[in-house]
Each structure stands twice: as C-alpha cells, then as structure tokens.
Amino acid sequence: MNSARPAPRRVAFFTIGESPRSDVVPAMSALLGAHVQIDEFGALDALDDGQREALAPREGQHCFATRLRDGGSITLDKHATEERLAHVMREADDAGYDVLVPLCTGTALPQLKTFMVEPQQLVDQTMAALARHARKAGAIVPLKEQLATFHLAEPLSCELQLDYASPYENNPERAAEAFSRAGRALADCDFIVMHCMGYTEAMRCQVAQASGRPTLLSNHIVAHTLGQILA
C-alpha cells in the first residue's frame, strides 16, 4: 500500500504593495488548510526609492492604497502599479503553481498560462447576485479619493452607496471611528461589501455592529472559493 502523502497544492498571492501580507494572508491560509503551500510576492518588493516614486499617484487619476511590510501604507498610481504587478505575475507564471491570486479587488490583470482567481470578478459578481433582490447595496473602499472613480466589473440592479475607511490606519482609535462612521453611513443598505482585500475580520465586525447590516469581507469570499478549488 502506498502511504505517501499527496503533494501539497501551491498557490501564489500577489500584493500591489510589499510582501508578506501578515495582515490578511494568515487568516486566508487558515481557511485554505494545511495542505496548501502559499508563496507571496509584492509589486514593490524589489524596487528602490526612485522606482517607487515613479508609481506615485497622478492628480485626477485612479489610485490604490496598499500596505508595506512594516505595517505602514502607501498610495500608488493605478495604471503604473498594474504594469508592475503584471511583470511580477508573469515571472511566477512558469513556477508550477496551481493557482495565482492577486490580493486586490480593482486591478487589470495580464493573460497568463496558470489558472488565476481574480478577486474583483469574484467579489463583484457576488455583489451583483445579491443585488438582484436588494433595494440598495453598500461598499466600503480604503480612500475618499477612490469614491469618484470606483466601478464594479458587473453593474448592479439596485442602488449602490459608497463610503470609505482605510484598513491601513495605524491609530486604533481613528481606525475604529472610521469603520463605525462608515457603518452608520451605510445602515440603510441591505448588505455591505468591504471592497478591499486588506480589510480584516475585526474591521468587518466594527462595520457590521455600527450598521446593523450583513457585512462581507472580500478576502473571505476569495478564500472560501479557493479552499474548494484546492481541496
């Protein structure tokens, strides 16, 4: 009888900031199980200060907020960051991963040979499905500046209300107030989606408590789907 254990499933996570993402990946790993081997890559990992400055946001253009390895945060230009992320993902495309997963819900992604789970499609299609029987959906994004340029991959059949609260605020009191304020602002929605992979379960609980509404985490939507793919 062959008692050899099957080879572990391999998944690569890609952040638009620096890896590792110690704020969200451990929680996602717990949902995936011990048989899944995770490697992490960051779009900023190999860049010096000058190269990072080239990714700075441009006035009037869509921007991203993301986390640095030391727990700090950085704001980046969407288009330039997407190009950098695509380069990093292409380098991992022939490394034998079962699945590639960008840890962002708003990026344009390259065509690759390896199977990819695209968080924006999973999250936005979930929102579209829930919206079919809702009056109003709520979504929370990290930056106030993102409200004007926010868009979903799939239009909703109900009203959409947006608010913002950063998952990268280092002051606990300010962070708690931001999530409570956003929750209260969206209390008239039938459900709320925290539309960034950087939000945590503790943040979700703050929004849910303040709003009294069902509140979903983007990274949990992705992790539960991945868990079944990699089972």
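The values are calculated or read from the model by the stated rules, or taken from the named source; none is laboratory data. None of these values were measured; they are calculated from a predicted model. Here Cβ is always computed from backbone atoms with ideal geometry, including for glycine, and neighbour counts include all displayed protein chains. Please note that ligands, DNA and RNA were not included when accessible areas were found on the heavy atoms of the full protein model with its side chains. Shrake-Rupley method; radii C 1.70, N 1.55, O 1.52, S 1.80 Å.
Listed by position, the helices (runs of 4 or more DSSP H) contained in the range 40-152 that have at least 1 residues being more than 25 Å from S211 (Cβ to Cβ) and open to solvent by less than 50 Å² (accessible area, probe 1.4 Å) are 49-53, 78-91. Among the residues making up the range 166-191, those that are in contact (Cβ under 8 Å) with a residue 40 or more places away in the chain and open to solvent by less than 50 Å² (accessible area, probe 1.4 Å) are S166, P167, Y168, A182, L186, C189, D190, F191. Remark: E91 falls outside the filter, which requires a residue to be touching a strand residue (DSSP E or B) at 6+ places or on another chain (Cβ under 9 Å) and either closer than 20 Å to P167 by Cβ or among the β-branched types (V, I, T) (or both).
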